[in-house]
Amino acid sequence: MAPYLLFGFFMAGILSMFISPRLVEDHLGGRGIWPIMKASLLGIPLPLCSCSVIPVAASLRRHRAGHGATSAFLISTPQTGVDSLLATVSLLGPVFAIFRTLCAFVSGVIGGGIVDLISPDADGSDAACEDPCCGGKAQGNRFVRAMQHGFGTLVNDVSGPLLAGLVIAGLISAFVPETLFTDHVGEGLPAMLLMLALGIPIYVCATASIPIAAAMILKGVSPGAALVFLMTGPATNAAAITTIWRLFGPRAGVAFLFSVAVTALGSGLLMDIWIPATVLRVDIVVTAHRAAPWKSAAAVILLVLLTLPWLRTLWRKACNCISSAA
């Protein structure tokens with residue numbers, strides 16, 4: 001995943017130069033299908049996880065974005081991003097990556113449409129914009145700030161979940177028997193319902209969930225069941241559901257959860273029809289054994305980037321302890 005993730009961090013930084021929060025907010029006001037579609041479409045390339053998307057969604061609401069548009073943004077944005085899209089290509093192939101992106105868009109539109117019907121009040125807050133993006137221009141070189149965002153802010157956001165996801169994927173690959181899922185979970189709708197129950201309550205970001213899904217596919221989970229996990233894990237968790245509940249009321253919260261669950265199951269069933277499990281498993285194994293030396297070097301660079309936030313934290317704590325002792 002390393003070369004694709006490094007390029008994804010770079011592209012995420014470049015995107016931050018041209019797609020500001022204010023630009024997104026200006027296109028999502030009002031009711032109707034068009035703001036919902038724009039919210040879902042504009043949210044797809046943004047590299048925001050299911051936690052970092054919450055303050056952005058709250059800001060959309062403060063800037064008079066409609067209920068449906070805000071919900072669509074909350075559903076589609078954490079499911080994918082330029083970094084997770086490239087990481088999906090690296091492990092699961094371009095067909096899976098394209099299908100996953102389409103599913104993120106469709107689930108956002110459907111979920112936003114349902115919330116718009118259930119909770120039609122689209123009046124935004126009348127308070128003036130107090131976000132930093134609304135006042136003046138940020139100082140400094142734009143490219144430098146973009147790289148700081150891509151390789152600084154974004155890496156800090158995903159380093160913990162991504163490292164955890166890689167460790168979990170490694171443990172699954174090393175210790176889970178080859179036939180565990182096929183013997184005890186099965187395929188089709190039962191396996192998807194199990195992945196749905198696993199994905200809805202937990203927090204896992206779109207990028208960190210990819211190696212876990214790839215490891216589960218190698219151990220017998222169908223591509224459709226893995227897709228259900230990739231959709232529900234990032235899009236639904238206690239924080240996101242609570243946010244919808246607080247902003248739009250309990251009916252909208254239930255509609256949000258229901259729409260994600262139904263679109264994830266439908267997408268999983270279509271995925272199993274489109275991509276045979278055996279073909280995808282062969283592609284994952286072939287890709288894993290095709291690592292060139294420069295990819296190993298990229299893996300080392302990625303590991304350094306992911307561990308730097310932790311090392312900085314440990315260094316600050318050590319310095320504070322020394323200062324206190326002195």
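Rule-based calculations on the coordinates, nothing more; no lab input. A quick note: this is a predicted structure, and the numbers were derived from the prediction, not measured. We place every Cβ from the backbone using ideal geometry, glycine too, and count neighbours over all the protein chains shown.
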(request) Return the distance in nm (one decimal) between the two label points of a simple spin-label model at Leu189 and Leu171, each offset 7 Å from Cα along Cα→Cβ. (result) 3.3
(request) Using the Karplus curve 6.51 cos²θ - 1.76 cosθ + 1.60 with θ = phi - 60°, work out ³J(HN,Hα) for each residue of region 76-87 in order, rounded to whole Hz, and write x for Gly and Pro. (result) 7, 4, x, 6, 8, x, 4, 6, 6, 4, 5, 5
(request) Bin all alpha-carbon pair distances of region 67-114 at 5 Å intervals from 0 and give each bin's fraction as a whole percent. (result) 5, 26, 27, 18, 13, 8, 3, 0
(message) Can you sort Trp315, Trp310 from fewest to most other Cβ atoms within 10 Å of each residue's own Cβ?
(response) Trp315, Trp310
(message) Run the numbers for Met17 and Val300: contour at 0.36 nm per residue of separation, minus the present Cα-Cα distance, in nm.
(response) 99.1 nm
(message) Through the Karplus equation 6.51 cos²θ - 1.76 cosθ + 1.60, θ set to phi - 60°, convert the phi angles of region 95-110 into ³J(HN,Hα) values in whole Hz; use x for Gly and Pro.
(response) 5, 4, 5, 5, 5, 4, 5, 4, 5, 4, 5, 5, 5, x, 5, 5
(request) Taking 7 Å along the Cα-to-C-beta vector as the label spot, tell me the Lys317-Trp245 distance in nanometres, rounded to one decimal. (result) 3.2
(request) Please give the FRET efficiency for Ile33 paired with Phe258, using the beta carbon to beta carbon distance and R0 = 22 Å, rounded to the nearest 0.05. (result) 0.70
